[in-house]
Every structure is written in structure tokens, then in C-alpha cells.
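Following: one structure in C-alpha cells, then a few remarks.
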Amino acid sequence: MRHLRVPSAETQDWLALCRSSHWLVTTSGVVRLDGGFRGIPLMENAPDETDACWKGHVHIESEGKGKGPVHWTERLPEALQELPPETWPSAYEIQGDVLIVKLEGAAAVYGESIAEAMLEQLPNIRVICADEGVKGDFRVRDLDIIKTRDGTEHTRTRVREHGHFVWVDPAKAYFSTRLSSEREKTLTSVQNLRIRLDRPLVIADPYAGVGPAFPLLFAEPGLIEGCLAGDLNPDAVDLLRLNIEYWQSRRSDGPLNQVEAICADALQWSDTPSLLGQADVLLVNLPHNSLEHLPDLLPLLRRGEPVLIRGWAIREREHLAEDTDNLQRLLYDHDAKDIVVDLAEIKGFSTSKCFVAFECNFTL
């Protein structure tokens, strides 16, 4: 069968072109070739290799690769495939090379078979974990490792977000991609403040977790000069420090001048004189208490110049206008000037509550 030979990194782009041009053989898969190349199966109606559309990539003859099962349940033992489809979990979550799945009802009996089928279907997954809910003071996931591909029984892994790596461990610290777009908005807001002040900024994030708000900020030259990051969970802070070290090493304009990773209650940060008045930007992501904690966090902000707060909270939908007024009143009561407050729903949480993002620009 004729195949288009392309560099591995370009496979998805060429697949998209062949698919949209109706040149792709849909009954055969991509073939792995020597030297970091891939072979894309072509239909007879595809142009020959002299056509300019191939940009010099050669065509080769290779045995077609039959497509395997399209869903992991097709890899279960035959006897289990006879069970009703609703027996099997309909969803799972992937963080890096860790797959997390809830095994409820009858599925709990077949955990080993489910894990084996998933590992066979998903070659990039290293470990399959059953989600047993949450545990401990920090409400982290209670994960039961069912099966691993290579015998490594840990859940530390790396995820990639907006082109940057973040070390995570779902069994030890909370991490979610659900605020990924909000982190891009944070970057935009920080860029705008950077332009206003005409200098690099210091970012404070007392509820940083493993630090997902920072990689975009670290990566942009000249945007920030320091970060004050922390969490109450010591395991999260260990990962935060590991991440900061990595992001520092990737900066094109050298390491930041001021970096602190603090394991402490955010409400006690203002008791440390060296943290007072240091931050140009304050990030507050403690959804059930973000607004209530603000009075104790305001002393961290720099005085006499414009500053920014970005935060996220779970609020009663019918009280959003009142929440906006209360934010403005709080800042006014702390002698803030030039106050601009924006609070808006970004997604639902329950029938009466919603998840909101709020942004405050002002000068203390």
C-alpha cells in the first residue's frame, strides 16, 4: 500500500490534509517507520509523489496497518463483552500518564480487566487508578492503583498546558485543567498592567497549589520579576517548588529576582513583614472562601501604584450584583482609589450557584 512518509512531528498536520482532501485510507492506521518518520496510508486517487502538494515528501510502499479496536471495552475478555454496555464506566480523566476512573456498581468487580484493557488501548498511559473519592484535611483524591504498565506505583506525572509542562500528583495535590482559559485571561490582564506600570511585576498567589497560574507568566520575557506563591498543603508546595525550578530554568531572560514558595496559611501571610506591600498582582483561587479572605490578603499589595486582583469563587447566582457591590465597598473601605470591579459567571455549579471570575483594578 502507498504511504506518505513524513516526520513524526508533522503527522497530525498531514493527516488533516489527507483527510480533508479524501486521500486518506480510513481502514488502515499510520505506520511507524525508522528514523523518526511515520507512514500515512494513501488512497489510489491521491496525487503521485511528484505533485507539489507533498512538499517533497516521498511515497513508499508498506504493508497496511489494520486499525485496532476504537474503544477500550472492545479489548475486554469476550465473556465480559457480553455484559450490558452500562456495566462499564462511561468516562475517565487523564493527567499526564495517569488515568483515573470511577468503578461503580458491577464494574468494581472487574477492575483488573478494565485496567488491562485500558492500558492496551491507550499506549501513553502508565498507570490506571480507581477514584475512591477524597480524603484528608486537604481533600485530595483517594486513588487506588489497579495496574501499571512498567511497575512504577506512583502517581506523579507531568501535564502539558498551553505548551508548558506542570508537575502534578492527583493523589497528593489538587490540579484541574478547567481554569485553563482563565489562566490565559490572567496573562492578558497582567500584560496590561505591565504596560501601565512600564516595569516587570511581582505576582502573589497564596492558594497556588502546584502553580498552574505561573508557567505562562514565567515564559514571557520582561513580564514579571518575582513571585510569592504558596499553599497550605505541603505536598502541593513540594510540587510547586519543583515546577518553579523548572520554569526558572526555561526563562529566556534569566531567573526571577524574587521567588518564594511558602507552606503556610494564606491568612497568616500578612503577619510576615517581608511579604507586605510586595505584590502588584494578587491571585485568589479558593472558590468557597475567596471573597471572604480578601481583607486579610490586601496588605500584600503594593501601595501608591495601580494593582490587580484576579480571583475565582462559587457564589449564589441571584446575588452576583450584590457581590460586585460588596467588592467595591471593601476596596473603598481600605482607601482604594480608581476602583474598577468586574465579576461574571464563567460556568454553572448547581441549580442556584455558579462559578465566577472577578477582577479588580485599583490603587491603594
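Note on region 238-279: residues that are touching a Leu at 6+ places or on another chain (Cβ under 7 Å), of a type in the set (S, T, N, Q) and exposed (fewer than 15 other Cβ atoms within 10 Å of the Cβ) amount to 1. Does GLY96 fit the bill of being loosely packed, with under 15 Cβ neighbours inside 10 Å and not basic (Lys, Arg)? The answer is no for GLY96.
Just one of the listed residues (PRO123, PRO69, PRO41, PRO85) is in contact (Cβ under 8 Å) with a residue 24 or more places away in the chain and either closer than 30 Å to THR155 by Cβ or surrounded by fewer than 16 Cβ atoms within 10 Å (Cβ to Cβ) (or both), namely PRO69. Whether any residue in region 218-229 is surrounded by 13 or more Cβ atoms within 10 Å (Cβ to Cβ) and out of contact with any strand residue (DSSP E or B) (no Cβ under 9 Å at 6 or more places or on another chain) is what I want to check. Yes - at least one qualifying residue is present in region 218-229. Pairs linking a residue in region 271-287 that is free of Cβ contacts under 8 Å to residues at least 40 places away in the same chain to a residue that is among the charged types (D, E, K, R) and part of a loop (DSSP other than H, G, I, E, B), with Cβ atoms under 9 Å and 6 or more positions apart or on different chains, are GLY277/ARG302; GLY277/ARG303.
Of these, SER252, SER189, which one is at pLDDT below 95, in the same structural domain as ASP271 (by TED's automatic domain parsing) and at negative phi? Reasoning before the result, please.
Values: SER189 fails: at pLDDT below 95.
Result: SER252 is the single residue among SER252, SER189 that is at pLDDT below 95, in the same structural domain as ASP271 (by TED's automatic domain parsing) and at negative phi.
Residue count for region 317-346 under the criterion of being over 25 Å from ARG196 (Cβ atoms), in contact (Cβ under 8 Å) with a residue 12 or more places away in the chain and charged (D, E, K, R): the result is 4. Set side by side, the residues ASP205, ASP198, ASP265 differ, and just one is acidic (Asp, Glu), in contact (Cβ under 8 Å) with a residue 40 or more places away in the chain and either under 22 Å from GLN95 (Cα atoms) or outside the structural domain of LYS135 (by TED's automatic domain parsing) (or both), which is ASP205. Candidates VAL30, VAL58: the one that is surrounded by 10 or more Cβ atoms within 10 Å (Cβ to Cβ), closer than 24 Å to LEU122 by Cβ and either aliphatic (A, V, I, L, M) or touching a helix residue (DSSP H, G or I) at 6+ places or on another chain (Cβ under 8 Å) (or both) is VAL30.
The values are calculated or read from the model by the stated rules, or taken from the named source; none is laboratory data. This one's a predicted model, so the numbers in the text were calculated from it and none came from an experiment. Note that each Cβ is placed from the backbone with ideal geometry, even for glycine, and that neighbours are counted across all protein chains shown.
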